[in-house]
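Presented below is the structure to which this report refers.
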Amino acid sequence: MIAAVSGTAQPRKKLLGVLGGEAASPPPIWLMRQAGRYLPEYRAVRARARTFLDLCFSPDLACEVTLQPIRRYGFDAAILFSDILVIPYALGQRVWFVEGEGPRLEPVRVVTDLARLDRTNVRGALAPVFETVRRLRRELPAETTLIGFAGAPWTVATYMVEGASGSDFAVVKDFAYRDPAAFGALVDLVVGATVDYLVAQVEAGAEVLQLFDSWAGVLSEAAFRRWVIAPTAKIVEQLKQRCPGVPVIGFPRGAGMLHADYVRGTGVDAVSLDTTVPMALAGALQELVPVQGNLDPRLLVIGGEAMLGEASAILRGLAGGPFVFNLGHGIVPETPPENVAALVRLVREGKWR
Ligand code: CP3
């Protein structure tokens with residue numbers, strides 16, 4: 001069913017219409033990590049930057065890699081090229097990326113580490129990112145929506161405390177359970193910095209914001225409410241005051257049975273679903289807000305009927321309501337670019353019906 005838009009013109013940008021609660025046919029599509037190492041043209045630009053953070057902080061190069069997947073596939077949205085770990089960097093923590101291994105940070109473990117972080121220079125430290133956003137708004141096609149983003153506080157705090165991608169999250173959990181007041185101060189610091197960062201992205205031209213909570217699924221129910229829902233709700237509340245009308249998509253990866261509480265408790269405008277969310281839950285959530293997701297990124301590596309079959313089932317289940325086609329997590333580097341092209345054709349040509 002396509003919702004009627006009474007009296008006014010259909011919004012020019014399909015993603016904005018859907019995030020406003022309309023169904024679209026075909027639905028809009030973009031993919032998490034759509035700019036990245038699976039594209040040869042990304043690898044060529046990456047080779048021109050010394051470090052990954054240099055790439056994020058070079059408006060010329062960051063703008064170019066953001067546009068690459070738009071040129072190749074004509075996605076309905078571009079997502080700013082940056083990283084969730086620019087927030088710890090802007091707070092004064094040392095952050096670097098080890099080739100082939102991932103991020104490293106000088107960890108925050110004790111109250112004195114916390115005291116060294118400084119929230120006052122977020123806008124200054126991240127000025128090149130806002131310049132990238134301004135250039136993107138000038139260069140993107142008129143029908144393409146520009147998505148800004150940040151990590152959600154729990155996920156950013158896991159990196160700040162663990163110093164790397166967690167495996168069992170023992171260090172950050174022990175910190176949060178042993179000294180919730182100090183951990184809460186860290187989370188509040190990240191909340192404030194994230195609001196400043198996202199408001200500045202909107203001022204520069206971002207039209208939608210996504211909050212990535214990649215590690216939301218590792219917590220107990222009580223800890224999920226305290227460290228995922230509550231800080232996200234604070235961010236959404238401040239964004240609603242300072243940039244009303246800009247939709248916020250939440251991605252609480254692994255939230256399982258707690259998705260509906262997350263949606264109601266945070267006030268996000270839409271929810272991005274990971275691969276493990278079953279159709280029945282996705283459909284129930286779609287009664288609350290527009291949903292986005294959730295093809296397994298491994299199916300994009302495999303391609304063919306395996307990919308097209310599961311993608312078609314997702315489309316049949318959800319595209320009758322407000323729905324954004326996406327993956328359940330980011331594209332992986334070994335994805336053949338032609339499989340992405342085949343997926344976009346499926347969505348656009350409507351052969352899944
Ligand atoms: O989606 C996009 O195209 C926009 C860019 C984007 C990147 N990171 C670029 C990137 C976005 C939205 C992110 C978010 C991000 N970063 C998340 C949340 C989403 C998720 O995947 O769970 C997280 C947890 C991070 C932290 C991070 N950054 C990790 C764990 C890594 C290493 C993993 C890897 O694939 O190497 C990064 C590095 C990173 N961020 C790369 C890219 C394209 C790869 C590094 C490179 O190209 O040298």
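Please treat every number below as a calculation from the coordinates, not as lab data. Here the structure is a predicted model, which is why all the values come from computation and not from measurement. When we count neighbours, we look across all protein chains shown, and the Cβ atoms used for this are built from the backbone with ideal geometry, even at glycine.
A few remarks follow.
- 12 Å Cα-Cα reach of residue 173 towards aspartates and glutamates, excluding residues that sit fewer than 8 places from it in its own chain: 162
- Per-peptide average of other Cβ atoms within 10 Å, ordering 193-204, 41-52 highest first: 193-204, 41-52
- Contact order for the chain, expressed relative to its length and based on alpha carbon pairs under 8 Å spaced 6+ residues apart, stands at 21 percent.
- Potential extension, residue 119-residue 310 segment - 0.36 nm per residue separation minus Cα distance: 64.3 nm
- Using the Karplus relation 6.51 cos²θ - 1.76 cosθ + 1.60 with θ = phi - 60°, the per-residue 3J(HN,Hα) values for segment 302-315 come to 6, x, x, 5, 4, 5, 5, x, 5, 5, 5, 5, 4, 5 Hz, with x marking Gly and Pro.
- Relative to the Cα centre, the charge distribution of the chain, modelled as +1 at Lys and Arg Cβ and -1 at Asp and Glu Cβ, gives a dipole magnitude of about 560 debye.
- Counted over segment 27-266, the DSSP beta bridges are approximately 25% antiparallel.
- Cross-link partners of residue 351 among aspartates and glutamates, defined as those whose alpha carbon lies under 14 angstrom from its own and excluding same-chain residues fewer than eight positions apart: 305, 310.
- Kirkwood Rh, Cα atoms: Rg over Rh of the chain: 0.94
- Additional length obtainable on full extension of the chain from residue 134 to residue 351, 0.36 nm per residue less Cα span: 74.4 nm
- Under 16 Å from residue 234, Cα to Cα: aspartates and glutamates that are on another chain or at least 8 residues apart: 188, 196, 213, 261, 269
- Each stretch of four or more DSSP H residues adds -39500 (n - 2.57); spread over every residue of the chain, this sum gives -14000 deg cm²/dmol at 222 nm.
- Each part reduced to its alpha carbon centroid, segment 50-78 and segment 175-231 end up 25 Å apart.
- Per-residue 3J(HN,Hα) values for segment 50-63, derived from phi via the Karplus relation 6.51 cos²θ - 1.76 cosθ + 1.60 with θ = phi - 60°, read 5, 10, 4, 5, 4, 5, 4, 9, 10, x, 4, 6, 5, 5 Hz in sequence order (x marks Gly and Pro).
- Available extension along the chain between residue 185 and residue 280 is 30.4 nm, counting 0.36 nm per residue and deducting the alpha carbon span.
- Compared with the dominant Cα axis of the chain, that is its longest principal axis, helix 337-349 is turned about 50°.
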